[in-house]
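*Asks:* This structure is in structure tokens; I'll ask about it shortly.
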Amino acid sequence: MFETAVEQRVTDLEGLMAEVWRTIERVDRQIERTQRHLDQTQHRIDQTQRQIDQTQRHLDQTQHRIDQTQRQIEQTQRQIEQTQHRIDQTQRQIEQTHHRIDQLSREMQTFKEEMQAFREESNRSRIEMNRKWGELANKMGTMAEDLVAPSIPRILRQTVPCPDGRAESVAVHMRRLHPADPGREREFDVVAVCGEYVLINETKSRLTIQNVEDFTHRMPEAREFFPEYAGKKFVGAIASLYVDESVVRFGEKQGLIVLGFGEDVMEVLNTPGFIPRAF
């Protein structure tokens, strides 16, 4: 009976030991699964940590770029403020310059108006002085030498092709004997030579249509008193201090240059573009 009990205990012990080994095996397997799970978890943790580290580096880089951008923005803002300050200064300078220009423009306009008034007054004074001079010369019978002769070079330039714009000679009250008939003598108020043209002038204190007609008839004869100018063209000019418009038109129809008092002492009264007749 004792042996049976021992055997039973041995059997129980063996069963218990088998159960223990089975338990140990289960525990080992559980430990292995747990270890694998832990390893997997640790692997995921490592991966996550690497991602966190990578993300942190990215965040650090991003923050660095943000800091750089912020510094650039601040620098740009300072540059903008400096530029705006210079713009404001330039704007003030422009406004001051415009103000000065306006002042100068007003001063210049005032000066121009004063100069214009001065020129007009001087012109009126000159015309009045010339008028009085002309009337005095007319009264004294010296109009040809005092008024007409000094104006002849300018009048020639205006009416005929005058080389170099200069008269070769201007003579006043010229007396000439007829080369073929010494008994015939004529006096010419003004005789001027310019290039291929010879101008013969007759000056009257008062000019009438009859005076113009008589002078026109005498012009062809004038050539006979100047044989030295046989190859030149003769043109006639009649002059007076004040010439009626009807006399001007009649003289122009005869092909004569008509001269009368004006701003430049004696002026051509003919229609602009008038070409004198060659006698």
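Laboratory data are not the source of any read-out in this text; all were calculated from the coordinates shown. The structure presented is a predicted model; accordingly, all values stated were derived computationally and were not measured. Note that we place each Cβ from the backbone using ideal geometry, even for glycine, and neighbour counts take in every protein chain shown.
*Asks:* Taking the Cα centre of segment 1-104 as origin, sum charge times position over the Cβ atoms of Lys and Arg (+1) and Asp and Glu (-1), and report the length of that vector in debye to the nearest 20.
*Replies:* 820 debye
*Asks:* So how do 29-41, 202-214, 157-169 stack up, highest first, on mean other-Cβ count within 10 Å?
*Replies:* Ranking, from highest mean packing down: 202-214, 157-169, 29-41.
*Asks:* Let me spell out the model: positive unit charges on the Cβ of Lys and Arg, negative unit charges on the Cβ of Asp and Glu, origin at the Cα centre of segment 141-268. What dipole size does that give, in debye rounded to 20?
*Replies:* Computed charge dipole of segment 141-268: roughly 220 debye.
*Asks:* Sequence gap of 8 or more, or different chains, plus Cα separation below 23 Å: how many lysine pairs satisfy both in segment 128-279?
*Replies:* The result is 5.
*Asks:* Just the number, please: Stokes-Einstein D of segment 150-279 in µm²/s, Kirkwood Rh from C-alpha pairs, 10 °C, 1.306 mPa s.
*Replies:* In µm²/s, the coefficient rounds to 107.
*Asks:* Taking a quarter of the surface of the Cα convex hull of segment 1-104, what do you get in nm²?
*Replies:* Hull-based average projected area comes out at 10.5 nm².
*Asks:* I've got another one for you. How big is the antiparallel share of DSSP beta bridges in segment 141-268, given as a percent to the nearest 5?
*Replies:* 65 percent
*Asks:* A further question on this structure: Order the peptides 237-250, 180-193 from the highest to the lowest mean number of other Cβ atoms within 10 Å of their residues.
*Replies:* Going from most to least packed, we get 237-250, 180-193.
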